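Novice: Before anything else, here's the structure in question.
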Amino acid sequence: MPPRSISDLHPLLAYAFGKAEAEFLLTYPEAPKPFISCTFRSPEEQTALFNQPTDKIDNNGNGKIDEPAERVTNARAGESAHNYKPALAFDVAFLAKGGRIDWSDKWFDLFAPLVLKSTGITWGGNFKSLPDRPHFELTGWKKLAGK
Ligand SMILES: [Ca+2]
Ligand SMILES: [Ca+2]
Ligand SMILES: [Zn+2]
């Protein structure tokens, strides 16, 4: 599991998540609870993710090897907002009763507008080439990262 400490996260993102989380819990008390599943991701972890479609491993455990669904990122090491400290992106997941992790689109679609009430954040669900619903990043993060 990659580090997901909120202290590794850019303060604007940490603030936006906290606000959205509080509003989500109030508005949808019966829904699974949002949590941050990833902040900083090391270059090695990024490379492993990038290589999923060609690594001859069934990364998502669905019985198929290197099928298109294993492509989860277009970013090589250093090309993701997760590869910086503090992290310039975070990923969200939802914890259902009984400890099951819920990745249903509907929860992300409810949560994202709450995060986007804070300005300066881009949602991965709006990415054109490879939509990434769990992902939120600082708009223009490449400038901050000196890229
Ligand atoms: Ca697979
Ligand atoms: Ca694979
Ligand atoms: Zn992400």
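Novice: Among the listed residues 6, 57, which satisfies the condition of being at pLDDT 95 or above and farther than 18 Å from residue 103 by Cα?
Specialist: 57
Novice: Pairs only if they're at least six apart or on different chains, beta carbon under 7 angstrom, first in region 52-80 and touching a residue at least 24 places away in the same chain (Cβ under 8 Å), second within 11 Å of ligand 1 (Cβ to nearest atom) and not in a loop (DSSP other than H, G, I, E, B); list them, first residue then second.
Specialist: Between residues of region 52-80 that are touching a residue at least 24 places away in the same chain (Cβ under 8 Å) and residues that are within 11 Å of ligand 1 (Cβ to nearest atom) and not in a loop (DSSP other than H, G, I, E, B), the close pairs are 71/52; 71/53; 72/52.
Novice: Moving to a separate point now. What do you reckon, is residue 116 modelled with pLDDT of 95 or more, over 13 Å from the mean Cα position of the chain (by Cα), surrounded by 12 or more Cβ atoms within 10 Å (Cβ to Cβ) and over 17 Å from residue 10 (Cα atoms)?
Specialist: Judged against the criteria, residue 116 is not a match.
Novice: What's the number of the condition residue 23 fails, among (1) farther than 18 Å from residue 124 by Cβ; (2) touching a residue at least 60 places away in the same chain (Cβ under 8 Å); (3) assigned to a helix (DSSP H, G or I); (4) out of contact with any Lys or Arg (no Cβ under 9 Å at 6 or more places or on another chain)?
Specialist: It is condition (4) that residue 23 fails.
Novice: Looking at 66, 132, 102, which is the one that is under 28 Å from residue 22 (Cα atoms), surrounded by 14 or more Cβ atoms within 10 Å (Cβ to Cβ) and touching a Ser or Thr at 6+ places or on another chain (Cβ under 8 Å)?
Specialist: When all the criteria are applied, what remains is 132.
Novice: Same structure again: Which members of region 26-55 meet the condition of being among the polar types (S, T, N, Q), open to solvent by 40 Å² or more (accessible area, probe 1.4 Å) and outside any loop (DSSP other than H, G, I, E, B)?
Specialist: Within region 26-55, 27, 47, 54 meet the criteria.
Novice: Same structure, new question: Can you say whether residue 100 is away from ligand 2 (no atom under 16 Å from the Cβ), of a type in the set (D, E, K, R) and out of contact with any helix residue (DSSP H, G or I) (no Cβ under 9 Å at 6 or more places or on another chain), as far as the supplied structure shows?
Specialist: So residue 100 passes the test.
Novice: Now a separate question. Output the number of the condition that residue 74 fails; it satisfies all remaining conditions of (1) part of a loop (DSSP other than H, G, I, E, B); (2) open to solvent by less than 60 Å² (accessible area, probe 1.4 Å); (3) closer than 26 Å to residue 109 by Cβ; (4) more than 16 Å from ligand 1 (Cβ to nearest atom).
Specialist: (2)
Novice: Moving to a separate point now. Which residues, counting only those in region 81-107, are within 22 Å of residue 11 (Cα to Cα), touching a strand residue (DSSP E or B) at 6+ places or on another chain (Cβ under 7 Å) and either assigned to a strand (DSSP E or B) or modelled with pLDDT of 95 or more (or both)?
Specialist: 81, 82, 87, 88, 89, 90, 91, 92, 93, 94
The values are calculated or read from the model by the stated rules, or taken from the named source; none is laboratory data. Remember, it's a predicted structure, so these values are computed and weren't measured experimentally. No Cβ is skipped: glycine too gets one built from the backbone with ideal geometry, and neighbour counts run over all protein chains shown. We work out accessible area using only protein heavy atoms, side chains counted, and drop any ligands, DNA or RNA first. Shrake-Rupley method; radii C 1.70, N 1.55, O 1.52, S 1.80 Å.
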